[in-house]
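Data block below; observations after.
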Amino acid sequence: MRIASFLLAAVLVIGVLAWFFALPLEARYWARHVPVLKQTPAPIRDSSVTESTGRKIVFCGSAFEIPWSDLNDPKTKAGGNSTIFYFDSGLVVLIKCEPPREFVEGVLSSVKMRSESFRRAFLDSAASDYGLTRLMLETTPDAITAHDRDRQGPLMAMLVLKAMGTPPAESGIFAVHTDEFDGYQYEDPRARPNKILMNLFAPDRGLEFQFFLKYQGASANVSQADINRIVRTIHKVGPYSAINQASAGTR
């Protein structure tokens with residue numbers, strides 16, 4: 001009877017420990033295998049801006065300047081919600097225009113969760129694309145603790161979303177802010193990645209920039225100051241429209 005009582009007590013203790021520590025331990029296990037889970041956005045420390053002659057681009061009801069003057073206009077390809085720019089240097093830039101809450105609605109659809117339940121689980125900070133992206137990127141395995149069981153499940157779900165939804169960013173994730181847009185830049189140009197991606201969000205639209213530095217064997221040079229030129233000059237000039245073709249003019 002004493003042995004049985006001891007074994008029963010041991011099983012209960014193990015069960016309680018597993019109940020409290022299973023998700024925190026699982027989160028730390030995945031953190032060792034999926035490095036992006038430990039990454040959080042950092043500020044962009046290089047505030048310089050390229051001042052060279054460039055081109056003014058109008059796209060998705062927004063206007064901005066690019067610092068490169070070698071745009072190959074005949075090769076530019078415009079689609080329903082995107083435009084691809086080709087430059088003589090070998091640089092290729094894809095710009096996409098996205099409706100508001102596209103990311104949020106996609107997540108709600110994939111997990112079959114009603115928006116009220118979603119807000120209850122993740123608070124109103126995840127009600128917009130920028131809010132959800134920010135919450136996702138700032139969540140780390142260390143946030144899942146044994147003493148806060150009510151948040152373990154939602155935070156674990158956010159880590160799964162982070163593992164699946166974060167673009168490649170081995171050299172870092174960086175926060176971007178303007179008067180009208182907030183977002184994130186994935187990759188540091190100094191690391192010479194294959195691609196740099198930048199997502200900008202406003203309440204009524206989203207913009208995605210993809211800078212392909214090594215398209216078809218090219219070795220295009222894009223600096224942080226070049227990207228800052230786009231960020232510093234971007235502003236809204238009209239309403240969001242589902243169909244947008246870019247126009248390029250002189251600076």
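The values are calculated or read from the model by the stated rules, or taken from the named source; none is laboratory data. The structure presented is a predicted model; accordingly, all values stated were derived computationally and were not measured. Heads up, the Cβs are rebuilt from the backbone with ideal geometry, glycines too, and the neighbour counts pull from every protein chain shown.
Key figures
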read-out: Only listed residue being at pLDDT 95 or above and either under 20 Å from R101 (Cα atoms) or in the same structural domain as F64 (by TED's automatic domain parsing) (or both), chosen from G172, G165; value: G172
read-out: Options D179, D142; residue that is in a helix (DSSP H, G or I) and not basic (K, R); value: D142
read-out: Considering residues of the range 56-70 that are among the hydrophobic types (A, V, I, L, M, F, W, C) and part of a loop (DSSP other than H, G, I, E, B) only, the residue surrounded by the fewest Cβ atoms within 10 Å (Cβ to Cβ); value: W68
read-out: Complete set of residues in the range 177-208 that are in contact with a Gly (Cβ under 6 Å, 6 or more places away or on another chain) and surrounded by 21 or more Cβ atoms within 10 Å (Cβ to Cβ); value: N199, L200, F201
read-out: Given (1) in contact with a helix residue (DSSP H, G or I) (Cβ under 9 Å, 6 or more places away or on another chain); (2) modelled with pLDDT of 95 or more, number of the condition L94 does not satisfy; value: (1)
read-out: Residue check, D73 of a type in the set (D, E, K, R), under 30 Å from Y240 (Cα atoms) and either at pLDDT 90 or above or surrounded by 12 or more Cβ atoms within 10 Å (Cβ to Cβ) (or both); value: yes
read-out: Criterion (over 23 Å from N81 (Cα atoms) and not assigned by TED's automatic domain parsing to the domain that holds T133) met by exactly one of A202, A191; value: A191
read-out: Pairs with Cβ under 7 Å, 6+ apart, first in the range 30-41 and over 13 Å from G165 (Cα atoms), second at pLDDT below 80; value: K38/A31
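Table: residues versus (1) at pLDDT below 90; (2) out of contact with any His (no Cβ under 8 Å at 6 or more places or on another chain); (3) among the hydrophobic types (A, V, I, L, M, F, W, C).
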residue: P35; (1), (2), (3): yes, yes, no
residue: S62; (1), (2), (3): no, no, no
residue: P67; (1), (2), (3): no, yes, no
residue: A78; (1), (2), (3): yes, yes, yes
residue: Y86; (1), (2), (3): no, yes, no
residue: P100; (1), (2), (3): no, yes, no
residue: S110; (1), (2), (3): yes, yes, no
